[in-house]
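The values are calculated or read from the model by the stated rules, or taken from the named source; none is laboratory data. This one's a predicted model, so the numbers in the text were calculated from it and none came from an experiment. So basically every Cβ, Gly included, is an ideal-geometry build from the backbone, and we count neighbours across all protein chains shown.
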Amino acid sequence: MEPVLVLYAHPSPEVSRVNRFLRETVEGLEGVTLHDLYETYPDFFIDVPREQALLLQHKTIVFQHPFYWYSCPPLLKEWMDRVLEYGFAYGEGGDKLHGKHFVQVISTAGSESRYTRQGLNHFTIAELLRPFEQSAHLCGILPHAPLVTQSVKSLSAEDLQIQAAKYRQLIADLVAGRFPPVVNTFGANE
């Protein structure tokens, strides 16, 4: 069994239909630590040693969050800035995370057609996730293909159940040491 750390970052979970449901789908699964950043750090004061210890205890790190302005919610970005520090995650002596795995589970209000060259957002999800992939590479972590749920405002109950089943299977696979394809920051996976 490979322990999985799910970093759940949603600033308004009470109004989230999709992320809340997806979270509930994997909550309590064996081998999974669900860590709600907004619940743990409502004041944004992150306990860096605690967070680094959590990372060291897990083989795979999952970021579950809504896609905010082509990125992540602010507390998750603050977490990255503080926890993935020089000498721990990268740089001289910063090899503590080498060989770990990284997967994002994101949701977007926009449809798949909006995330194309011709669409409203002019870029694909894969292109917009490049900074996360590069951060993983810098830290010696293998970034894997994300699980993306789109059109969340109009997603049917049936489609939400399908996404939840995909998420649960993804987490079960990660715990079993089976990983989705590695993404290549340099574009080979497109």
Q. Hey, among the residues in the stretch 160-190 that are in contact with a helix residue (DSSP H, G or I) (Cβ under 8 Å, 6 or more places away or on another chain) and surrounded by 16 or more Cβ atoms within 10 Å (Cβ to Cβ), which one's modelled with the lowest pLDDT?
A. 185
Q) So which residues in the stretch 27-85 are touching a residue at least 12 places away in the same chain (Cβ under 8 Å), among the aromatic types (Phe, Trp, Tyr) and within 19 Å of residue 134 (Cβ to Cβ)? A) 63, 67, 70, 79
**Q.** Filter result for the condition that a residue is touching a Pro at 6+ places or on another chain (Cβ under 8 Å), exposed (fewer than 15 other Cβ atoms within 10 Å of the Cβ) and at pLDDT 95 or above, over 66, 49, 42, 74
**A.** 74
Q: Report yes if some residue within the stretch 140-159 is surrounded by fewer than 18 Cβ atoms within 10 Å (Cβ to Cβ), of a type in the set (Lys, Arg) and in contact with a helix residue (DSSP H, G or I) (Cβ under 7 Å, 6 or more places away or on another chain); otherwise report no.
A: no
Q) In the stretch 2-32, which residues are aromatic (Phe, Trp, Tyr) and over 15 Å from residue 103 (Cα atoms)? A) 21
Q) For residue 26, which of the numbered conditions (1) in contact with a Pro (Cβ under 6 Å, 6 or more places away or on another chain); (2) crowded, with 17+ Cβ neighbours inside 10 Å; (3) within 18 Å of residue 3 (Cβ to Cβ) fails to hold? A) (1)
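Yes or no, residue by residue, for (1) part of a loop (DSSP other than H, G, I, E, B); (2) touching a residue at least 12 places away in the same chain (Cβ under 8 Å):
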site	(1), (2)
121	yes, yes
132	no, yes
143	no, yes
160	no, yes
163	no, yes
166	no, yes
169	no, no
177	yes, yes
Q: Collect the residues in the stretch 90-136 that are surrounded by 15 or more Cβ atoms within 10 Å (Cβ to Cβ), modelled with pLDDT of 95 or more and either over 14 Å from the mean Cα position of the chain (by Cα) or of a type in the set (Phe, Trp, Tyr) (or both), keeping them in residue-number order.
A: 90, 94, 96, 97, 102, 132
